[in-house]
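> Structure below; questions to follow.
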Amino acid sequence: MDGTTFYLHSGKVRVCSSRRAKRKERTEGEKLSSERFAEVRKMWRVFRRVFGELEVWRVAAREAGKARGDTLFHALNGGCIRPGEGVWAWSAFSFAAGSLDKAAGVEAQREGWEVELSWEAADYSRKAGAGDAVYVGYFYEGMGRTPGLVRAEGARREDCRARVAVPDGGMPEGTALHLYLFFGNKAGTRFSPS
């Protein structure tokens, strides 16, 4: 109306000029934001394949009141992922999320590609079941775009110890690993953060 556009945004009426010049180029900040978003989307697709039937992120999103698992994944991990590199902030990255209690006092020992993890005993409750399954997510050092997942067969939370064989992935012996321990209930309907 008369060179002014009225529109509704977040439930409020806003006003702007109808004749705005188009910008010729995007700013560096806009480019970086788009590149990071694209990288997080790529990682999300990879994670969906890694988890397969385990609906860790969908369940966690429902528990957190988010619409979808990818939304929660992006909210938690967006700052830990760089364009063209994948995960770079290993200790801040969330491999899994959920409402079960996470492991405390985790220690790892390694012999070749065999890893033994131990953790402190929990006060068992509905947020930490003694029979919870044990999962270990991993990345090889320098391979921030290729996560992997191993289930510790036969191990349960109450054991306070699990031994897993991480595939060598064609990597040289002694390649550093970034490990993420988490638990899942027997029904596979609840998980812990890593």
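The values are calculated or read from the model by the stated rules, or taken from the named source; none is laboratory data. These figures come from a predicted structure and were not determined experimentally. Cβ sites come from the backbone with ideal geometry, for glycine too, and all protein chains shown count toward neighbours. Note: accessible area is taken over every heavy atom of the protein model, side chains too, but ligands, DNA and RNA are not part of it. Shrake-Rupley method; radii C 1.70, N 1.55, O 1.52, S 1.80 Å.
> Compute the angle between helix 28-51 and the longest alpha-carbon principal axis of the chain, please, reported from 0 to 90 degrees and rounded to the nearest 10.
Rounded to the nearest ten degrees, it is 40.
> For the chain, what is the calculated [θ] at 222 nm in deg cm²/dmol (nearest 500), taking -39500 (n - 2.57) for each run of four or more DSSP H residues and dividing by its residue count?
-7000 deg cm²/dmol
> At 0.36 nm per residue, and after removing the present C-alpha to C-alpha distance, how many nm does the segment from Lys186 to Met1 gain when stretched out fully?
That works out to 60.5 nm of additional length.
> Would you kindly calculate the mean projected area, averaged across all directions, of the convex hull enclosing the Cα atoms of the range 54-93, in square nanometres? Walk me through the intermediate numbers first.
Numbers: hull surface 12.7 nm².
Averaging across all directions leaves 3.2 nm² for the Cα convex hull.
> Under a point-charge model restricted to the Cβ atoms of Lys and Arg (+1) and Asp and Glu (-1), what is the dipole moment magnitude of the chain relative to its Cα centre, in debye to the nearest 20?
That gives the chain a dipole magnitude of about 1520 debye.
> Another question about this same structure. Can you tell me the relative contact order of the chain? Whole percent, Cα pairs under 8 Å, sequence separation 6 or more.
Values: 327 pairs, mean separation 40.0, N = 194.
That works out to 21 percent.
> Extent of the range 94-194 along each principal axis, from alpha carbon coordinates, in Å, largest to smallest?
Principal extents (Cα only, largest first): 42, 24, 21 Å.
> The range 33-166: Rg/Rh from Cα coordinates, Kirkwood Rh?
With Rg and the Kirkwood Rh in hand, the quotient comes to 0.97.
> Once label points are set 7 Å from the Cα along Cα→Cβ at both Glu53 and Arg126, what is their separation, rounded to one decimal in nm?
Result: 2.7 nm between the two label points.
> How much length, in nm to one decimal, is gained on full extension between Ala64 and Arg161, taken as 0.36 nm per residue of separation minus their Cα-Cα distance?
This chain segment gains 32.0 nm when fully extended.
> Also: So how much accessible area does Tyr124 have, in Å² to the nearest 10, using a 1.4 Å probe?
Around 100 Å² of this residue is reachable by solvent.
> From the protein chains alone at 1.4 Å, what is the descending order of accessible area for Met171, Met143, Met43, Met1, largest first?
Correct descending sequence by accessible area is Met1, Met143, Met171, Met43.
> Compute the distance from the alpha-carbon center of the range 159-194 to that of the range 91-156, in whole Å.
A separation of 5 Å, based on Cα centres.
> Roll a 1.4 Å probe over the protein heavy atoms and report the accessible area of Lys42 in Å², nearest 10.
Near enough 100 Å² of accessible area.
> While we're looking at this one, here's another question. So how exposed is Glu116, as accessible area in Å² (1.4 Å probe, rounded to 10)?
50 Å²
> Let me ask something additional. Given contacts defined as C-alpha pairs under 8 Å and at least six residues apart, what's the relative contact order of the range 105-184, whole-number percent?
37 percent
> Same structure, new question: Carbon-plus-sulfur fraction of the accessible area of the chain, 1.4 Å probe, in percent?
Percent of accessible area from carbon and sulfur atoms in the chain: 49.
> Right, another one. Give the aspartates and glutamates whose C-alpha is closer than 13 Å to that of Lys31, dropping any in the same chain fewer than 8 places away, or say none.
Glu39
> Only bridges with both residues in the chain count here: give the DSSP antiparallel percent, nearest 5.
Given both bridge residues lie in the chain, the antiparallel proportion sits at roughly 100 percent.
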